Amino acid sequence: MLTRLRQPLLLLWLVSFVFPAFPPAVGGRVEAQQQAEKPMLRVEVNLVQLNVAVTDSKGHYVTGLRPSDFAISEDSIGQKIASFGEGNEPQMTVDPTTGEVRPEPNQTVLAGANVFVLFDTSNYMYHSFALAQDAIADFVKSLDSPERVAFYSYSRNLYRAAALTSDREQVLRGVRSTVAGDQPALYNALLLTLRDAGQFPGRKVLVIFSNGPDEASMVTPEDIGELAQSTGVPIYVVSTRHAAIDPVSAAIFRQMSSATGGRAYFTRSWHDQRIAFDSIRDDVAHLYALSYYPQPNPNRGWRAIKVTLHGDAGKKYRIRTRSGYRPQPFHFSKEPAPSP
Amino acid sequence: MKSSLCASVLVVALSVGLRAAPQSAVSSDAPRLPANVPTAQPPSETLIPGPLRSFQRMAGISTKASPEEILTLLSHEMTARGYQGAKPTEYLVQLRLYVHQARELAALAGQDSVIRVSSCEDAHPLLTLLGYQLRQGCGPETAVQVNDASRAFLTINSGFPLAQLEEALRQGKPFAVPYASSRVPVLFALNDWAEFTENVKSRSNNSDLVDVLLNSKSVARLYSALGAMDSDTAVGVRKSIGLPKLVRYANVLDFYGSHLCIRSGKVLVPGGASAEEAWAELVGVSPHSPGEFVNQLMTRDAGWLAAYFDALAHAGSDQQAYLTETRRLTRNYAALRGGDVVPGSARGVLRSGAGFWLLTTRLPLDSGHVAVPGDLQIWKGVFVHNRLSKRDREWARRAASWNDPQQMLEGLFALSRDLRRDGPVEAYLSVSEIDRRRPAQQRLSPEVARLLAEHFPRLGDQYVVFSEFPGLNDQSITAFLNAADALDNISLATVRANAIGIFQSVLGLWQILARQGQISNQDLNDSWQHAIAAFAGVQSPTQLFDAGRASLRVVMSAAAGRADLTQDELISLLAGPNLVTPAAQQTKEELAKKMSSVMDAQRLVSLDTLFALASGLGEGKANVEDLLSLATQLREFELPRPIFNRSLEDIQAGREKSDVRHTTLQTKTDMQKIIKSGTPKERAEARGRLAPFLRDTLVGLNYTYYDPPGAQMLANNAVFVRSHDYTERSSLSWEQPWSTARRVTVLGANSGGHLAGSLSGLPYALAELEQNFIVPDNVQSLIWEDFVPTLLTSAVVPRFWGVTQNELHAAALYQRAGEELVTAAAGDEKLRRVVLEILSDRMLPQRVAEIEAALREGRTEALLPRLLPGETAFLAAEFRRRHPAETEPGSATAKELDSLVRDYPAEAGWDRIAADFGVPHPALAHTYARELLNVKPLPMFMGYSSRLMAECWDSNNLYWARLADEQGYPPVMLNRLAPELTHRMVERLFATNLEDWMAVPRAMRETGDEFRQGKLVPLPKSAAPLLH
């Protein structure tokens, strides 16, 4: 995840406000590999943040692990963990010498996750529109209190019904304000949502409620898959078996969620979403948040990430996280930060 | 139409509308003018069950529409999307169900129109109507859940405050929500519609006109048609013809009735009083018998005569005068009508036959006659060789004996019924646009006009560059056409595609630099011709690379005086000319930075690398290590990781890709191997392998220049530029490398979008793709396709580097002076007539009548915000032109403008204002040159949707200029303000339908208000406002 933790959030806001059209890149380091008389290669190399789920053979979450239990490599290059957190606890800075957390929490990252909910209001959801709305309302109510929630809906265009907030009633009003739309453009909506999510520090997850196909997007699922991995946002998809009518969409849901460290759920109906909700909420509550500053790596293309556990734990437990990321070329975000 | 000064009408006072909807949540942020509701009789209202806002949500009517507009908009929606054939659509079915539910809820609300739930235990009756039930009984965990999905859908979609109800139930608090039915004004008296009310057997009394509109397609269409007329005319046709008779041809009246204007007992006809006799002869009834005239006009020839009348009424006064000469009027119509009037002109939901609207609107006249670019023989030839349809063949035969331009004009009218993008009408209009912009002594030679006409079917979309730069002479045009022919003859398909891509890209850069004035007028032809000459004889990839490089050097040299610019220097050049002010420098640097970031995001190999590598490959003693280092950059680009694994390849097979070969070949280019082990000859020829990379980088430079505000594709889809498809696809005739750039998406294929075709029309095509990423402010609104890309194009193509402070101020003064003229006209009958006459040149009769009524009643405060900046500026300029001796008495603005024009004629003259703050009209006038055409808004057409209408919208840049002037920003800041403010305006745009013209100024003014309040685009300190 290419977060911008190295700069105060306030600065990002200020700069975005003053230069909404062309905000300069803030945060991160510019890795300039410049040689005399040769063109400059420019890559933005920022903090990489991982959400890691650790489960045992029965699928139960494993808790209580420490930074020293984890090993991270990027393109087989070992990495040093910079910050660490478990579940809804605040993230802590990791001492590079001892490999253990320092007592003071990382002040730039709030406890709890930022949950972005994306609701498909296209004509494919028409018959189950009200039922799906109930399901989303249930999901929002069920989230733990530290979580902040943003609620967006989409058909051909995105609509930001509720900006990221810890006020559940505000989100619920946003949920109930949605109207049925026209053609679905899921990947377009995902792109904009991921770009919003990418501007907030801390753990982020994206939950999509959708019944299926994409008919109007300009970007491809490949673009979105890579962006989600590069921004470190796991994607969860809550759908029904109606989605299977379009095998391509169903396959994309599975592949995209899996590649980003999330999951896809296909239940019998919108009435039957409890298992999916519980699972997502558990995931959000139990994910380990690890971050690292990449060691020098000449690869400007896809960088594979591998997370393992030291010792016997590595054999006993399963790890789910994103599989890698592509460093972003050095350019400027065009999006002003959405309202917190 | 000269004579479209529609007399005042009696209208319902604004207070009626407000009184009629006491519970309405309608936005009243802008003053409203009275609706088209005559008050010759007592004002009439009808009930709409439930809150107006809920009805608007369900009906798809903008919640920013006023109560006076509701029924007309509803009627329009019934026509546009209420039916599929004779069967109601799901939209209409749900709307009818909602009306039923709203009546039930209104009954529950009782006399005081408030739905009350005192406690959770009492909620059952309400929840049942809403389609919900309680889950887990009453208490802190109370939640509602769907019980009846159909009812619940209506509840949610209509915006019932369900979340607040649930919250109240959970907290054990009483819940109360106002639920009053809404009264809205009705066209005419309610009784006038009584006959239809009885026919549809509505459930309640006569007040339920809404039921009639929801249940009768033809009545809804009639209501829509009459609602688009000025009030006097609507009353006139109702009285003289009667609603029962009018409803029989409601479809024709709906499409072609908006220009009907009955005044003083006669129909005002295109061409004015002098044309009345000609119209009487053509229609068979005198315009002095309005009822019979309208009846005959609407019913003759399956609507073609009505369409003809309407098209001519849209035309400018010169065209009207010419086209309504008695014999010409009849002959042109006979040609248009032909022997077969089927299919009629008013079938479907979109007007067909945009051709004769374009023809009449843009008809070039030369010394009082239709212009003939080149000579008549050329156009005879075009018609003779056009033999696709039966009508084509008939006119091919006739054309053989033409000896008079009038005969050609008749041929154009005949074929304009079936407009083809490669047909004679389009060819004529396109070539005419080039010819008319040239000085009289430099008109197209017959030889070049012939070449242009002959090449039009394949190369016509490229001609916009010639109409934008009339300084390009015949030799330049000929050179382009010959070069395009030669490129088409390159035998190898991949080389041909790359060659055309590089050729167009370099000329695209030329176009940008020429438009920005960095290539001087004296150098236009030399630079153009030499840039083209570089491609002579290209057949191999190596020759192509060298040609592309040489051509680019010509362009850079012409613009910067140096041919060896680095890529960063070239980007800086494209970003804008070097100006001395800090604000200009800063603006330019920011634009350049943005362009560079896009090039990086696309991972395009820089020109520096490509040229260094190519030079090194050609040198026997080049440093291998250096070359290898450069070559590694060719490998930086990777295709996105596939989302499917191998087992899913079958389902992936259906996904459409662009020219995949082009991108995959690049990933396989192994230059390092050649550098290490190739022979000197192999190495020298290896630069041909760089041609595809060169093409993408040059295409990328064009893309990034026109990248619209809020764009996402270039930043997030790393293969977007590379996906530009130059391949020839015979199955899709438009998808070929010289056609206007087009968005390519395949429905349901999950394959995203890319562009295909040429770089001509690139600004519009990019905006068309990017509009999908704009997030509307309003939950119900969607981005207005076809309209929004034009708005964005008009914000991106114009740059304001040459605008002076005086010019900026003059742009503001023209608008203010126009407003002051309007204000003065309220108390001055003579001035009012002058003002209305000028405004009628670019307004439909209904708006003219609306303005006249407001002026007579002295309601200028409500009127001014509804006048468009383009209209007020035009009014001031025309008034000055027509009445140069009459400065408006007491107007300080007019005096200041006078003074500015006198002291700085080159900066403050209207021509300069039009050239700098006008907008491109690629669809309407075949050019990207900025102009203020001052035409009446064209309606939607098949094949164009709202695009022609959008190109009639020319107020934005004038308005942004006025804002900048008011706020004290330097003119160069418009290079940032125009795109950003336009983007914000699009977010705010909330239109009911694709012809909701007034939604546009509403969004523009809301954006302006935000800007004035400092909520938008605060600019950096270094670009501090300059005070006048």
Tell me, which helices (runs of 4 or more DSSP H) wholly within the range B:943-1000 include 1 or more residues that are farther than 19 Å from B:PRO709 by Cβ? B:947-951, B:956-967
For the condition at pLDDT below 90 and surrounded by 22 or more Cβ atoms within 10 Å (Cβ to Cβ), what is the one hit in B:ALA21, B:ALA25? B:ALA21
Only one of (1) crowded, with 19+ Cβ neighbours inside 10 Å; (2) in a helix (DSSP H, G or I) does not apply to B:HIS259, and that is (2)
Any residue in the range B:101-123 that is within 14 Å of chain A (Cβ to nearest Cβ), within 23 Å of A:ASP182 (Cβ to Cβ) and in a helix (DSSP H, G or I)? yes
Would you check if there is a residue in the range A:262-269 being buried (at least 21 other Cβ atoms within 10 Å of the Cβ), at pLDDT below 80 and outside any helix (DSSP H, G or I)? no
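Quick grid of which residues meet (1) away from chain A (no Cβ under 14 Å); (2) at pLDDT 95 or above:
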residue	(1), (2)
B:ALA718	no, no
B:ASP725	yes, no
B:GLU728	yes, no
B:PRO737	yes, no
B:LEU759	yes, yes
B:GLN780	no, no
B:PRO798	yes, yes
B:LEU808	yes, yes
Which pairs do you get when a residue that is surrounded by 15 or more Cβ atoms within 10 Å (Cβ to Cβ), found in the range B:130-142, comes within reach of a residue that is part of a loop (DSSP other than H, G, I, E, B) and modelled with pLDDT under 85, reach meaning Cβ atoms under 9 angstrom, with the pair 6+ apart or on two chains? B:THR142/B:GLN136
Whether any residue in the range B:289-296 is assigned to a helix (DSSP H, G or I), at pLDDT 95 or above, in contact with a strand residue (DSSP E or B) (Cβ under 6 Å, 6 or more places away or on another chain) and of a type outside the set (Ser, Thr, Tyr) is what I want to check. yes
Restricting the range B:588-637 to residues that are facing chain A (nearest Cβ under 10 Å) and β-branched (Val, Ile, Thr), the residue that is surrounded by the fewest Cβ atoms within 10 Å (Cβ to Cβ): B:THR632
If we only count helices (runs of 4 or more DSSP H) wholly inside the range A:155-237, which ones have 1 or more residues that are under 13 Å from the mean Cα position of the chain (by Cα), within 11 Å of chain B (Cβ to nearest Cβ) and of a type in the set (S, T, N, Q)? A:186-197, A:221-231
Restricting the range B:229-241 to residues that are at pLDDT 95 or above and touching a Leu at 6+ places or on another chain (Cβ under 8 Å), the residue that is surrounded by the fewest Cβ atoms within 10 Å (Cβ to Cβ): B:ARG238
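Residues checked against (1) of a type outside the set (Gly, Ala, Ser); (2) on the phi > 0 side of the Ramachandran plot; (3) without any contact (Cβ under 8 Å) to a residue 60 or more places away in the chain:
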site: B:GLN780; (1), (2), (3): yes, no, no
site: B:ASP786; (1), (2), (3): yes, yes, no
site: B:ALA824; (1), (2), (3): no, no, no
site: B:ARG832; (1), (2), (3): yes, no, yes
site: B:ALA849; (1), (2), (3): no, no, no
site: B:GLU852; (1), (2), (3): yes, no, no
Against the conditions (1) in a helix (DSSP H, G or I); (2) away from chain B (no Cβ under 14 Å), where does A:THR93 fall short? Just the number, please. (1)
Per the filter on the range B:421-438, residues surrounded by fewer than 21 Cβ atoms within 10 Å (Cβ to Cβ) and assigned to a helix (DSSP H, G or I) are B:ARG436
Among the numbered criteria (1) of a type outside the set (A, V, I, L, M); (2) over 17 Å from B:LEU701 (Cα atoms); (3) assigned to a helix (DSSP H, G or I), which single criterion is violated by B:ARG562? (3)
Cβ-Cβ distance below 6 Å, separation of 6 or more or different chains: which pairs start in the range B:898-920 with a residue that is of a type in the set (Asp, Glu) and end on one that is in a helix (DSSP H, G or I)? B:GLU907/B:ASN806; B:GLU907/B:GLU807
Residue check: is A:ILE245 of a type outside the set (Asp, Glu), surrounded by 19 or more Cβ atoms within 10 Å (Cβ to Cβ) and within 14 Å of another protein chain (Cβ to nearest Cβ)? no
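The values are calculated or read from the model by the stated rules, or taken from the named source; none is laboratory data. On a predicted model such as this, the values are computed, not experimentally measured, just so you know. Neighbour counts run over all protein chains shown; Cβ positions are idealised from the backbone, glycine included.
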